[in-house]
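Reading through the structure tokens given below for one structure.
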Amino acid sequence: MPPLYFVIPAIAIVMAGALLGTVELGYQRGLRTPADERLASHATSWEAALLGLLALLIGFTFAMAVTRFDHRRDLILDEANAIESTALRGRYIDPPLRDRVEAVLVPYLEARIRSYDAGMDMHLTYALYDEGEALQRQLWDQVVTLLEAHPDSESAVAFMESADELVKAEARRRAALENHVPLPVFAVLLMVAAAGMAATGYSCGLHRRRLPLGMVLMPVLIVLVVAMVFDIDYPRAGVIRAGQRPLIRLQHTLANH
């Protein structure tokens, strides 16, 4: 199942409707308030303070999401290196054990690629996780067989170490995929955005003027930025993805070996 590209646009549309509605409510409230220069000045100060706080929260949330995105991308390369190292060291094993190792690594690599491409289809994702764990157990069976036959072999120990790193790399990558910016952070961000838009609408109402820049363009831009942060933080559901080029290149290499 491909990534659900409609999820984040749907969230963005709901957010845009909420913020535009909040601006309008603030504007209507300002229109019903008697004109007062001191109140208008205070309203402008509130607006500036709330928008400044919003900018700070967006920057903080964006930094958290990008850090996680970069970490996930690095882990993809680490996992590809771990699988490749296991494959290379497995070539020094005598047949038929060497052939059994290769027969495990090829489907294992395919399962790892497909588990990421499954997107939001968590049923398929967990099925592929189970398949990968079963193949890991098969690989360790070969490791144990090799160590029992050659307990003092340096190549056997090196193969065991690379197989161990393969398992750890998969666990680290799975944990990173499930590590997101906490939802309460997004909730606070949206609450501050709503308050800032209400203050903007209220200020425009006090001045008896509809300003498209503040009442329309600003909410839309805020929604776009928040949606982009959400997209980066949830790679399974979004358009911005870390990609799997290292694993795909390794798949071609093993297929041509």
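The values are calculated or read from the model by the stated rules, or taken from the named source; none is laboratory data. From a predicted model like this one, the values you see are computed outputs, not experimental measurements. Cβ: placed from backbone, ideal geometry, glycine included. Neighbour counts: every protein chain shown.
Brief remarks on what is shown
- Taking the range 104-161 as the range and being more than 22 Å from the chain's Cα centre (by Cα) and aromatic (Phe, Trp, Tyr) as the test, the residues that pass are TYR108, TRP140, PHE159.
- Being surrounded by fewer than 19 Cβ atoms within 10 Å (Cβ to Cβ) and either more than 30 Å from THR125 (Cβ to Cβ) or of a type in the set (A, V, I, L, M) (or both) is a description that applies to LEU190.
- Residue list for the range 206-244, filter: more than 19 Å from PHE62 (Cβ to Cβ), exposed (fewer than 14 other Cβ atoms within 10 Å of the Cβ) and free of Cβ contacts under 8 Å to residues at least 60 places away in the same chain: ARG209, PRO212, LEU213, LEU217
- Residue in the range 154-167 that is of a type in the set (Phe, Trp, Tyr), in a loop (DSSP other than H, G, I, E, B) and out of contact with any Asp or Glu (no Cβ under 9 Å at 6 or more places or on another chain) present: no
- Number of residues in the range 58-103 that are over 22 Å from the mean Cα position of the chain (by Cα), in a helix (DSSP H, G or I) and of a type outside the set (A, V, I, L, M) equals 9.
- Test: residue in the range 65-80 that is touching a Leu at 6+ places or on another chain (Cβ under 6 Å), touching a residue at least 12 places away in the same chain (Cβ under 8 Å) and buried (at least 17 other Cβ atoms within 10 Å of the Cβ): yes
- Exactly one residue out of GLU84, GLU47 is surrounded by 16 or more Cβ atoms within 10 Å (Cβ to Cβ), at pLDDT 90 or above, under 26 Å from ARG172 (Cα atoms) and among the acidic types (Asp, Glu), and it is GLU84.
- Taking the range 114-128 as the range and being buried (at least 17 other Cβ atoms within 10 Å of the Cβ) and either of a type in the set (A, V, I, L, M) or under 20 Å from GLU84 (Cα atoms) (or both) as the test, the residues that pass are SER115, TYR116, ALA118, LEU128.
- Criterion (of a type outside the set (A, V, I, L, M) and either without any contact (Cβ under 8 Å) to a residue 12 or more places away in the chain or in contact with a strand residue (DSSP E or B) (Cβ under 8 Å, 6 or more places away or on another chain) (or both)) met by exactly one of GLU154, GLU170: GLU154
- Odd one out for ALA255, checked against (1) assigned to a helix (DSSP H, G or I); (2) at pLDDT 90 or above: (2)
- Counted residues, the range 245-257 - those being exposed (fewer than 15 other Cβ atoms within 10 Å of the Cβ) and not polar (S, T, N, Q): 6
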